[in-house]
1. So Leu81 passes all but one of these: (1) surrounded by 17 or more Cβ atoms within 10 Å (Cβ to Cβ); (2) at pLDDT 90 or above; (3) in a helix (DSSP H, G or I). Which condition number does it fail?
2. State all residues of the range 171-199 that are within 15 Å of Leu143 (Cα to Cα), surrounded by 20 or more Cβ atoms within 10 Å (Cβ to Cβ) and of a type outside the set (A, V, I, L, M); if no residue qualifies, say none.
3. Quick one: in the range 43-77, of everything that is in a helix (DSSP H, G or I) and aliphatic (A, V, I, L, M), which residue is farthest from Ser28 (Cα to Cα)?
4. Hey, could you check the range 37-64 for residues that are surrounded by 15 or more Cβ atoms within 10 Å (Cβ to Cβ) and polar (S, T, N, Q) and say which is farthest from Pro13 (Cα to Cα)?
5. Looking at (1) free of Cβ contacts under 8 Å to residues at least 60 places away in the same chain; (2) farther than 21 Å from Arg32 by Cα; (3) of a type in the set (Phe, Trp, Tyr); (4) surrounded by 17 or more Cβ atoms within 10 Å (Cβ to Cβ), find the lone condition where Tyr205 falls short.
6. Which residues, taken from the range 156-201, are assigned to a helix (DSSP H, G or I) and in contact with a Leu (Cβ under 6 Å, 6 or more places away or on another chain)?
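The values are calculated or read from the model by the stated rules, or taken from the named source; none is laboratory data. Nothing here was measured: the structure is a model prediction, and the numbers come from that model. When we count neighbours, we look across all protein chains shown, and the Cβ atoms used for this are built from the backbone with ideal geometry, even at glycine.
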Amino acid sequence: MSKIRALNNQSPPKYIAVEGPIGVGKTSLSKRLAESFDYELLLENSEENPFLDRFYKDPKQHALSTQLFFLLQRAQQLRELRQEDMFQPLRIADWLIDKDRLFAKENLDSDEYALYINVFKHLTVDAPIPNLVIYLQAPTEILIDRIKKRGIPAEQVIEREYIENLSAAYTEFFHYYTKSPLLIINTSEINLVSDDKDYQHLVDYIASNPTGTNFLNPSLSFI
């Protein structure tokens, strides 16, 4: 991988969140961006969730415990951000706390969801808002292929219908998302992890401190 061009004293967003469905590559991109911008990296650390493997095997039985663990984990990270003064350090995360409700709505029954929302509201009061959100997309077939290739045993039992429903929920969520500047990228024809040209284009865009909602298309132009 060749060296990425310096940022020429530009001041990129101080807090960036990378989001997208399972298998889309958000963690890999977050790690590369953190290295390029010399940012602190906040990871979801799904391997720390003791309920996740059981959820993939039996979603209905273990959805609430899985979801609450993730919510408590992320709320703790946000609490640490507030304590350390969010506007001094530079950070990038491979999760967005607002999208937590997306998973909850998809996986919980009505009573469980009501309980979850009550806990969510109490834990996310004054949560810091990212200065930029990057939403990664990919078709279901590509997501399934990437999940198979990375070979995490627990993920191999995930059903196609779950991935399709989750992707649709992400699309709807970000269609209405307005809290932060938003960049939507379809990763089916853009390789932001191993292709330096694609990645450099993204780095330059981030460093420009974008506003509003933008799309990165396969021809590498922002619209």
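1. (2)
2. Within the range 171-199, just Thr187 meets the criteria.
3. Only one residue tops the list, namely Leu64.
4. Asn49
5. Looking at each condition in turn, Tyr205 falls short on (2).
6. Ile163, Ala169, Phe173, Asp198, Tyr199, His201
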